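One structure is given below, encoded as structure tokens.
The values are calculated or read from the model by the stated rules, or taken from the named source; none is laboratory data. It should be emphasised that the depicted structure is a prediction, and the values quoted were computed from it without experimental measurement. When we count neighbours, we look across all protein chains shown, and the Cβ atoms used for this are built from the backbone with ideal geometry, even at glycine. To get the accessible areas, we keep the full protein, side chains included, count just its heavy atoms, and leave off ligands, DNA and RNA. Shrake-Rupley method; radii C 1.70, N 1.55, O 1.52, S 1.80 Å.
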Amino acid sequence: MIWKKLRLVLPALLLLNVAYSQSYNPLVIPPVLSGTSFNLNFNTGTMQFFPGLTTDTYGINGNYLGPTLILQKGDSVSLDVTNNLPEVTSCHWHGLHVPSRYDGGPHTTIDPGVTWNTHFKVMNDAGTYWYHPHVHMNTMPQANKGLAGMIIIKDSVEDQLILPRTYGTDDFPVILQDKKYSQSGQLNANALGDSMQVNGTVHPY
């Protein structure tokens with residue numbers, strides 16, 4: 001009797017294992033940029049979040065999302081942001097203590113084909129921040145389509161802590177987003193989505 005039950009359970013476990021391996025995807029790790037001079041290109045792109053469906057996206061130096069910027073407190077940094085999109089955008093340094101004219105808010109737009117240069121001294125303590133468009137009435141659709149990236153600031157206090165420090169190996173950026181897709185695989189700009197992604201990865205491990 002026990003053997004008959006095992007014969008039923010083992011095939012079910014094998015099927016579950018196959019389904020698991022087909023459903024989950026390795027976590028994408030955004031590339032990293034560090035230093036004091038940065039070039040960020042806002043581009044159109046495409047992604048295949050789901051097999052057989054091509055999704056139109058926006059990306060920064062790539063097809064979707066942007067590189068992680070690692071800054072050091074006290075450094076003076078310069079950033080060139082080039083708009084290769086078919087619409088107006090901007091680039092806001094969310095959470096950073098930056099003068100208004102360098103902040104990239106709704107009052108500082110970047111027209112298509114234009115490069116905006118900004119520069120400022122990094123004043124924030126060590127922490128995690130992010131950058132994204134801040135266009136009036138169009139922030140959420142552009143960020144939802146892929147214009148977002150992480151900022152990590154380091155300082156002398158954080159340097160003394162015993163922490164994992166190998167980016168992408170034991171120190172992982174985690175950008176969690178909820179998305180809603182049309183039947184053709186295109187992104188819908190909704191306040192609440194029904195599909196979760198981590199770093200642009202559906203069902204990550």
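Data table
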quantity	calculated
Sequence of S90, S78 from largest to smallest accessible area, 1.4 Å probe	S78, S90
Probe 1.4 Å - accessible area at I152, Å² to nearest ten	30
Lys pairs under 19 Å by Cα in the chain, provided they are eight or more residues apart or on distinct chains	5
For the chain: accessible area per residue (Å², 1.4 Å)	57
Degrees, to the nearest 10: 2-23 long Cα axis against longest axis of the chain	20
Of (1) 19.5; (2) 19.0; (3) 18.5, the label for Kirkwood radius over Cα pairs in Å derived from the coordinates	(2)
Probe 1.4 Å, all protein chains present, accessible-area order of L53, L69, largest first	L53, L69
Distance cut-off 13 Å, percentage of C-alpha pairs in the range 38-102 lying past it	71
Neighbour net charge for T57 - beta-carbon separation under 15 angstrom, K R +1, D E -1	+1
The range 108-175 - convex hull of alpha carbons, volume per residue in Å³	134
Candidates D80, D159, D103, ranked by Gaussian network fluctuation over the chain, Cα under 10 Å, top entry	D159
Rg(Cα) / (2.2 N^0.38 Å) computed for the range 83-205, rounded to two decimals	1.22
Heavy-atom accessible area ranking, 1.4 Å probe, most first, across D194, D56	D194, D56
